[in-house]
1. Could I have the simple spin-label model distance between residue 208 and residue 144, label points 7 Å from Cα toward Cβ, reported in nm to one decimal?
2. Taking 8 Å as the Cα distance limit and 6 or more residues as the minimum spacing, I'd like the relative contact order of the stretch 21-209 as a percentage.
3. Taking the Cα centre of the stretch 21-209 as origin and charging only Cβ (+1 Lys, Arg; -1 Asp, Glu), how large is the dipole, in debye to the nearest 20?
4. With the convex hull built on the Cα atoms of the stretch 101-198, state its orientation-averaged projected area in nm².
5. For the stretch 21-209, give the share of DSSP beta bridges that are antiparallel, in percent and rounded to the nearest 5; count only bridges with both residues there.
6. Excluding residues on the same chain fewer than 8 positions from residue 36, give the lysines whose Cα lies under 16 Å from its Cα.
7. Can you tell me what the convex hull of the Cα atoms of the stretch 21-209 projects to on average, as an area in nm²?
8. Going by average Cβ density within 10 Å per residue, which order do the peptides 138-144, 31-37, 108-114 take, highest to lowest?
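Nothing in this text is a laboratory measurement; each read-out follows from the coordinates by a stated rule. Just so it is clear, the model here is predicted, and its values are computed rather than measured. Cβ placement follows ideal geometry from the backbone for every residue including glycine, while neighbour counts extend to all protein chains displayed.
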Amino acid sequence: MGLTGFITRFFPFFNSLFRNKSTIKLGLYGPPNAGKTTMANRICQDWLGEDMGAVSNIAHETREIQIKEQVIIKSGKKQLCFNLVDTPGIATKIDYEDFLRYGMNDKEAKRRAKEATKGVIDAIKWLDDMDAVIVVLDATKDPLSQVNITIIGNLAARSIPVLVVANKVDLKKADMKRVRAAFPQYDVVGVSAKYGNNLDEFYQGLFTIAEKKGL
């Protein structure tokens, strides 16, 4: 069974919400190189004054779950406390030959592919612990890719509150209308995690999904 089969078949239907918790688990999910770790770093810099993890142009650079505890964001008298969980990029296929393009030797490329595959599996397992999820997509790419549909499908099956973040809106090819049309059932916020564009709307979006679901 390939990664797609594992992702769609391994986990049964799950339909429960965690309510009235002082600290929630907020997961960052999305395809490789969409900007999840850049987004995580931006959040942590804004509210903690420190980065969460290393950023790289190499796909699957984040191969293990990373957690930053007790992140508190505020808006007026309101505040939201969460443990931020940055996950490896979800992929339906990982080929070690993809890593050879970055100058890795055969042995290193195969090791990285194995680690990346494990990271995808771990990320999907962690979905059952998430109270809410930020889905980070690249606004310059087709939002209806197999990977994105797989991620959204798993979240919908678990009734997990979702905020879709269309990242890289600073680029000319970014198309917010296309992203919103692809996922009309969710709130969609366009940001540039790299430059910090539109972060106020993003943080307000977090409060909104928390309030809608009673978190």
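1. With each label placed 7 Å out from Cα toward Cβ, I get 2.3 nm.
2. Relative CO of the stretch 21-209 lands at 23 percent.
3. 240 debye
4. With every direction weighted equally, the projected area is 7.8 nm².
5. That works out to approximately 30 percent antiparallel.
6. Output for residue 36: 25, 68, 141, 168, 194.
7. Averaged projected area of the stretch 21-209's Cα convex hull equals 10.6 nm².
8. 31-37, 138-144, 108-114
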